[in-house]
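Taking it in order: structure first as structure tokens, then the write-up.
The values are calculated or read from the model by the stated rules, or taken from the named source; none is laboratory data. Predicted, not measured: the structure shown is a model, and the values here were computed from it. Cβ atoms come from the backbone with ideal geometry, glycine included; neighbour counts cover every protein chain shown. Please note that ligands, DNA and RNA were not included when accessible areas were found on the heavy atoms of the full protein model with its side chains. Shrake-Rupley method; radii C 1.70, N 1.55, O 1.52, S 1.80 Å.
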Amino acid sequence: MTAPVRVRVPATSANLGPAFDCAGLALALHDVLEFSVEPTGLAVEVGGIGAGELPLDESHLVVRAFRAACDELGWSPSGLRVVAENGIPQGRGMGSSAAAVVAGVLGAWALCPDVESIDGNAVLRLTTAMEGHPDNVAACLLGGLTLSWTGESGVGADSLPVHGDVMPVVLVPDATLSTEVARGLLPDVVPHADAAFNAGRSALLVHALTSGDLLMEATEDRLHQRQRATAMPASLAVIDRLRAAGHAAVVSGAGPSVLVLARRTVRSADQPPGAEELRDVSASVPEGWSVLPLDVDPTGARVSRGTAQVSSR
């Protein structure tokens with residue numbers, strides 16, 4: 001039997017304001033899964049977030065992604081056991097489905113006895129096909145700030161380091177929102193001026209996140225956030241309050257969570273960096289919402305077998 005493999009995948013926040021479907025940020029909040037080949041059958045165990053709610057059969061998204069990768073590899077294990085400990089909120093715009101897809105595909109690649117190493121390009125292509133666009137899966141795979149694109153040669157992505165002064169804070173409501181519902185509210189055609197505006201802001205966003213400057217200006221958007229306001233009015237109200245107070249707030253992915261790109265500014269010698277801005281941000285959060293100050297995950301998905309690390313790139 002092949003030794004079990006352990007896959008750790010980060011939460012992600014996509015779009016980041018103007019960069020719709022082409023930018024993502026990996027966050028230091030993780031799902032951890034163990035995959036092992038068994039003599040027969042399928043066993044799925046889920047702990048943490050989603051325990052008692054997620055399916056424990058072939059319909060589980062991680063299992064579906066694992067099977068899709070097996071088809072790609074031309075391999076079929078005799079049986080499969082998946083043990084998941086989930087830390088990523090689901091249906092909140094934090095990349096839970098991308099994490100599940102990436103974990104399943106990496107698990108299959110790492111377990112398959114017929115391959116010597118994980119083909120990062122093939123994994124990106126397959127996970128993008130399952131998700132429909134590459135922004136979340138690219139960030140999950142590569143870590144940091146990722147830029148992704150599709151072209152005649154397929155899908156591509158690259159990762160950039162985020163400046164240490166940038167402090168992501170995710171505000172998570174109780175409510176969930178389907179990505180399909182959120183995307184269904186987008187218009188088929190947008191004004192040329194709005195497209196040009198977002199193109200400029202997307203370029204500025206790269207500078208802002210890698211330098212720690214101009215975060216407010218770089219997170220302005222005209223293409224997708226207001227257009228989806230009817231599906232998450234509370235989230236847009238929070239964003240309006242935060243931006244009016246000078247905080248770079250955007251919808252996290254398809255929502256309804258809100259991402260604030262705060263700064264680790266030291267305003268007082270007796271306070272840790274960013275403490276005052278975090279307190280200001282928290283004051284704008286409705287009752288029942290969670291406030292998650294998180295680091296950027298610079299490395300992305302990680303696969304290990306015993307004590308050995310297996311690169312997914």
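Which condition does ARG264 not pass, out of (1) surrounded by fewer than 16 Cβ atoms within 10 Å (Cβ to Cβ); (2) of a type in the set (Lys, Arg); (3) over 21 Å from CYS22 (Cβ atoms), if it passes all the others?
The failed condition is (1).
Out of the residues in the range 7-28 that are surrounded by fewer than 20 Cβ atoms within 10 Å (Cβ to Cβ) and touching a Leu at 6+ places or on another chain (Cβ under 9 Å), state the one that is farthest from PRO89 (Cα to Cα).
It comes out as PHE20.
Could you please give the count of residues in the range 160-178 that are farther than 17 Å from PRO286 by Cα and of a type in the set (Ser, Thr, Tyr)?
Looking only at that region, the number is 1.
Scan the range 249-267 and tell me whether some residue there is polar (S, T, N, Q) and modelled with pLDDT under 90.
yes
Just the residues that are in contact with a helix residue (DSSP H, G or I) (Cβ under 8 Å, 6 or more places away or on another chain) and not hydrophobic (A, V, I, L, M, F, W, C), please, taken from the range 193-227.
ARG201, HIS207, ASP213, GLU217, THR219, GLU220, ASP221, ARG222, GLN225, ARG226
List, please: which pairs have Cβ atoms under 6 Å, are six or more places apart or on different chains, and start with a residue in the range 278-297 that is free of Cβ contacts under 8 Å to residues at least 40 places away in the same chain and end with one that is part of a strand (DSSP E or B) and open to solvent by 40 Å² or more (accessible area, probe 1.4 Å)?
SER282/VAL291
Pick from the range 142-158 the residues that are more than 13 Å from GLY300 (Cα to Cα) and not in a strand (DSSP E or B): which of them is least open to solvent (accessible area, probe 1.4 Å)?
Residue satisfying both the conditions and the ranking: SER153.
Give the residue that is nearest to the chain's Cα centre (by Cα), with candidates limited to residues of the range 176-196 that are under 22 Å from LEU25 (Cβ atoms) and open to solvent by 40 Å² or more (accessible area, probe 1.4 Å).
Restricting to residues being under 22 Å from LEU25 (Cβ atoms) and open to solvent by 40 Å² or more (accessible area, probe 1.4 Å), the top hit is THR179.
For GLU116, only one of the following conditions fails: (1) touching a helix residue (DSSP H, G or I) at 6+ places or on another chain (Cβ under 7 Å); (2) more than 27 Å from ALA231 (Cα to Cα); (3) not in a helix (DSSP H, G or I). What is its number?
Tallying (1) touching a helix residue (DSSP H, G or I) at 6+ places or on another chain (Cβ under 7 Å); (2) more than 27 Å from ALA231 (Cα to Cα); (3) not in a helix (DSSP H, G or I), GLU116 fails exactly one: (1).
When the residues of the range 56-89 are filtered to those that are buried (at least 16 other Cβ atoms within 10 Å of the Cβ) and acidic (Asp, Glu), which remaining residue is farthest from THR40 (Cα to Cα)?
Among residues in the range 56-89 that are buried (at least 16 other Cβ atoms within 10 Å of the Cβ) and acidic (Asp, Glu), the one farthest from THR40 (Cα to Cα) is GLU85.
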